[in-house]
Amino acid sequence: MKDLPTYTALVDSFRKLPGIGTRSAERMANAVLELRKEDALEFAEAIQNAKTKVHKCPNCGLYTEDDLCEVCKDDTRNHEICLVVVNPKDAIAFEAVSNFRGVYHVLGGLLSPAKGVGAEALNIDSLKLRIKEEGIKEIIVATSPTLEGETTALFLAKVLEPSGVSVSRLGYGLPAGSSLEYADPLTLSRALEGRRKL
Ligand SMILES: [Zn+2]
């Protein structure tokens, strides 16, 4: 609508969210216009606060509002076993499983020659540093069982070999080609238990 530039701007903002097309963005913008004014302003403030207060843990890459995330700060967790995930969202999924009591490291992506993503784009150097400084003894690579996920896991096993850590990969329960994002807690839990050495 040409006479509603502010509405169009709101639709464009919602379209920036992953998986949201024009129709969904319009529905969301309409819903915002129908909200009570205080609720809409609270919504805007929540977005602003999230973007100013939440940041990535400098040690592992999980989200936090403190200097270090709650996992890195927790002495009751096993800091010798580290689950390497692609993004913070995957770590949140594993936390819901609750039987994992180790720590995390966020890779920040997957190796993909097709998309031009090389090793330098991933948080591998910081992982090597943590292995040395924190005495990590076991790495479990929790990438999805896709071509890029497998390639990344094998690459990690190769580059981490000199550091002497044991590197394993999530095991059975995850169908090939599937995304971790859609796995239920039981499947994640079994995949973790059934991990196999690389
Ligand atoms: Zn952390």
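Read-outs: derived from the displayed coordinates by stated rules, not from any lab. Given the structure is predicted, the values throughout are model-derived calculations rather than measurements. For neighbour counting, all protein chains shown are included, and Cβ atoms are generated from backbone atoms with ideal geometry for every residue, glycine included.
A few points about this structure:
- In the set (1) over 27 Å from LEU156 (Cβ atoms); (2) among the acidic types (Asp, Glu); (3) more than 12 Å from the ligand (Cβ to nearest atom), the condition left unmet by ASP75 is number (1).
- Apart from one condition, THR151 fits all of (1) β-branched (Val, Ile, Thr); (2) out of contact with any Leu (no Cβ under 6 Å at 6 or more places or on another chain); (3) more than 24 Å from CYS72 (Cβ to Cβ); the exception is (2).
- Given (1) touching a residue at least 12 places away in the same chain (Cβ under 8 Å); (2) surrounded by 12 or more Cβ atoms within 10 Å (Cβ to Cβ), number of the condition ALA40 does not satisfy: (1)
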